[in-house]
Amino acid sequence: MSLLLDNQFKELPPDKAIDTKLFLETVSHIPSFFDCLGSNVFSVIKSDINGNIVKIKAVYLKDPAKYVTLQDIVEAEREAHPAEWPKVGATLALMWLKRGLRFIQILLQSLADGERDEENPNLIRVNVTKAYEQALKKYHGWLVQKIFIVALHAAPYKSNFLKALSKGEEVKEEDCLANVRQFLVTYTVTVDAVYDMYSNLNAELDYTV
Ligand code: 0SG
């Protein structure tokens, strides 16, 4: 079975509220995926994403009944820390996590759409670069952009990447991409909903790190 389909995001209710517990359960599978990518540069990214998840989870576990949805957390922090918000607590962690999730979405969508470097069809650099430029680059100063260049050159071949998504099984590219397309349906709706929430609450910041 595909790693993606094993950890599929649930459909959202009509009001697009995101259940905190389900969201945390689903994203908690992402960090271990970096172990399959085969370069130490990915441990920096893994630890960053993992840190975001741990931070959101720590807030949730303080009062699960109060923080049923992600919006409950963001609004409670806005009330508790008016001076620092949104650069505080789980609001900040989710702001960054959503950018990583958007990166993954654009990367997978680009692969599913068959975008490729015709001269090097087994490389995923065009797909990774597209995702980076659309989801992350504007938040990165020169040093972090250099880390991206290192990660780009360490990116796995497409065949190995798709194999990792298929839990190490040899699966035909088309079958794996069919799983990717299926995964992207609820995943994209969820990531869009987090972005919409940040926009509606005026919680988005655009500083660089
Ligand atoms: C398959 C090939 C994949 C190639 C991947 C390339 C990806 C791009 C690599 C970019 C390198 C990122 C390295 C880390 C950068 C971090 O500095 C930034 C900013 O981090 C935030 O900084 C923290 O996440 C925040 O943590 S918090 O939980 O405590 O709130 C906070 O510390 C904040 C600073 O806040 S401040 O002090 O200013 O108030 N992180 C990112 O840019 C996110 C990077 C996500 C990359 C996702 C890649 C997914 C790849 C998936 C492959 C399937």
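Quick one: VAL150 ticks every box in (1) assigned to a loop (DSSP other than H, G, I, E, B); (2) open to solvent by 60 Å² or more (accessible area, probe 1.4 Å) bar one, so which box is it? Every listed condition holds for VAL150 apart from (1). Screening segment 117-147 for residues that are more than 10 Å from the ligand (Cβ to nearest atom) and in contact (Cβ under 8 Å) with a residue 12 or more places away in the chain and picking the one that is most open to solvent (accessible area, probe 1.4 Å) gives LYS138. Within segment 194-209, the set of residues being open to solvent by 90 Å² or more (accessible area, probe 1.4 Å), outside any helix (DSSP H, G or I) and among the polar types (S, T, N, Q) comprises ASN202 only.
When segment 113-138 is examined, which residues are found to be among the polar types (S, T, N, Q) and assigned to a loop (DSSP other than H, G, I, E, B)? Correct list: ASN120, ASN122.
Filter segment 12-49 for residues that are touching a strand residue (DSSP E or B) at 6+ places or on another chain (Cβ under 8 Å) and aliphatic (A, V, I, L, M) and give the result.
ALA17, ILE18
The residues on offer are VAL191, VAL171, and the sole one that is touching a residue at least 60 places away in the same chain (Cβ under 8 Å) and open to solvent by 40 Å² or more (accessible area, probe 1.4 Å) is VAL171.
For segment 65-86, a residue qualifies if it is within 23 Å of the chain's Cα centre (by Cα) and either free of Cβ contacts under 8 Å to residues at least 60 places away in the same chain or surrounded by fewer than 18 Cβ atoms within 10 Å (Cβ to Cβ) (or both), and the qualifying residues are TYR67, VAL68, THR69, ASP72, ILE73, GLU75, GLU77. Here LYS158 fulfils each of the conditions (1) open to solvent by less than 80 Å² (accessible area, probe 1.4 Å); (2) among the charged types (D, E, K, R); (3) on the phi > 0 side of the Ramachandran plot apart from (3). All of LEU5, LEU22 fail the test of being more than 14 Å from the ligand (Cβ to nearest atom) and touching a Phe, Trp or Tyr at 6+ places or on another chain (Cβ under 7 Å), apart from LEU5.
Filtering segment 93-102 to residues that are more than 16 Å from SER47 (Cβ to Cβ) and open to solvent by 10 Å² or more (accessible area, probe 1.4 Å) leaves only ARG102.
The values are calculated or read from the model by the stated rules, or taken from the named source; none is laboratory data. As the structure is a computational prediction, the values presented were derived from the model and not from experiment. Please note: Cβ atoms are built from the backbone with ideal geometry, for glycine as well, and neighbour counts cover all protein chains shown. Accessible surface areas use protein heavy atoms only, side chains included; no ligands, DNA or RNA. Shrake-Rupley method; radii C 1.70, N 1.55, O 1.52, S 1.80 Å.
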